[in-house]
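In what follows, a single structure is set out as structure tokens and then discussed.
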């Protein structure tokens, strides 16, 4: 089946490009793979047999179709991987068909399940699980079952943490009484996070004790002690800034947005490099298992 190619688009009022696909194209060919134009791979000298990383796209308000912002795409292309794009429809079947080597759960403004929250009574009346929320839950469950490497960013991190039992703040500033600027310019360093020594995240960041991050979130993850996941980083105010699944499965989530920092921050770029490396390992293991 012929693929559907994403097109570049700049939404009014935005300072970045996005890649988009209109709903009419998807409706006309619902089984067609969604791909970047080949020129994007050629510009980065990416081979056709490179590992595949999947990204769940977003429905953009005011646009009839799916969208993925370019910084996510460029951060992964810089690591030499190919990309597959996923809508909210039949997520598990789509993941099985694509046979991905890794998964990136991007950030966004959507609700987590009510039971994830520390104080659900603080949720607004319009709180609900959207198709995007359900798509993320399905993707995490599938990735866990098949040990597909996962990196979650911001809301993707929150969904990953909640899936394994962590509780969330509805509003970090009000519930944690934080003085830290957790909602600031996405291109600027907002605050430091302390890395938990011995964590996978600390190793990815060169075993530093702390790094500087940006911050663009209202909700957050509260301190926890759980059997399946561990805290990998905290802000000075105690807000959990990163989690990772215990054991040999690579499933890591960060509260900040490294895709906006990776051109100037080696720590941000290292997160995408780690996901790409895990994708290569996963692909190699699949290949060896098939022999």
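Quick notes
- Of all the residues in segment 42-62, those that are over 21 Å from residue 274 (Cβ atoms), at pLDDT 95 or above and in contact with a strand residue (DSSP E or B) (Cβ under 8 Å, 6 or more places away or on another chain) number 2.
- The test for being crowded, with 21+ Cβ neighbours inside 10 Å, in contact (Cβ under 8 Å) with a residue 24 or more places away in the chain and not in a helix (DSSP H, G or I) holds for residue 152.
- Enumeration of residues in segment 162-185 that are crowded, with 18+ Cβ neighbours inside 10 Å, touching a residue at least 60 places away in the same chain (Cβ under 8 Å) and in a loop (DSSP other than H, G, I, E, B): 164, 166, 176, 178
- Of 73, 67, all but one fail to be more than 27 Å from residue 289 (Cα to Cα), assigned to a helix (DSSP H, G or I), touching a strand residue (DSSP E or B) at 6+ places or on another chain (Cβ under 8 Å) and in contact (Cβ under 8 Å) with a residue 40 or more places away in the chain; the exception is 73.
- Residue within segment 77-86 that is exposed (fewer than 13 other Cβ atoms within 10 Å of the Cβ) and either touching a helix residue (DSSP H, G or I) at 6+ places or on another chain (Cβ under 7 Å) or without any contact (Cβ under 8 Å) to a residue 40 or more places away in the chain (or both) present: no
- For segment 208-256, a residue qualifies if it is free of Cβ contacts under 8 Å to residues at least 40 places away in the same chain and assigned to a strand (DSSP E or B), and the qualifying residues are 210, 230, 231, 232.
- Verdict on residue 99 being surrounded by fewer than 22 Cβ atoms within 10 Å (Cβ to Cβ) and under 26 Å from residue 61 (Cα atoms): no
The values are calculated or read from the model by the stated rules, or taken from the named source; none is laboratory data. This structure is a prediction, so every number in the text was calculated from the model and none was measured. FYI the Cβ positions are ideal-geometry reconstructions off the backbone, even for glycines, and counts take in every protein chain you see.
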